[in-house]
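What follows is a set of notes on a single structure, which appears directly below.
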Amino acid sequence: MNDLAYFEGTRYQSLRIQTEKEFDISKIEKGLISIHANWSGQSIINGKHILDTIQKSDFKNVEIHILDIDIMSLQDQIELIGDICHGYFESIWIERGEVDFVFKDNHSNTGLQDFVLYLKSKLS
């Protein structure tokens with residue numbers, strides 16, 4: 001599925017669902033990799049919040065890769081973020097080819113808030 005219609009009207013309207021084989025993490029200088037669940041309202045809400053944070057920063061050199069949870073194996077999810085994804089727009093921030101921060105879940109809103117604060121500090 002490639003349904004990212006809720007990003008229309010933003011600079012991210014050209015985003016598309018990718019597979020983890022389409023890019024090399026080690027070559028990403030600054031970037032976001034997120035695992036999206038098209039069927040999850042929480043993924044859509046969190047995704048918009050995270051991408052809006054990046055867009056508002058006006059930081060131009062951020063690579064953004066979005067993966068579809070439904071075409072990733074559980075093993076691929078664990079290898080990428082260290083856990084099984086649950087449809088929260090789980091995300092990792094990459095700096096100089098290394099994972100620098102992981103947003104895994106939303107059992108409480110503090111996880112998302114912490115990630116957004118982290119992004120703001122990195123993009124200012």
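Computed from the coordinates by the stated procedures, all read-outs in this text should not be read as laboratory data. Given the structure is predicted, the values throughout are model-derived calculations rather than measurements. All Cβ positions, glycine included, derive from the backbone under ideal geometry; neighbour counts span all protein chains shown.
Summary of values
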item: Under-5 Å amide H pairs with I64, H placed in peptide plane, nonlocal only; result: L32
item: Positive minus negative residues near A37 (Lys, Arg vs Asp, Glu; Cβ under 10 Å); result: -3
item: Radius 9 Å from Cβ of K104, net charge of other residues (Lys, Arg +1; Asp, Glu -1); result: -3
item: Global geometry of region 76-121, whether rounded, prolate or oblate, following the gyration tensor of its Cα atoms and the 1.5 cut on a/c; result: oblate
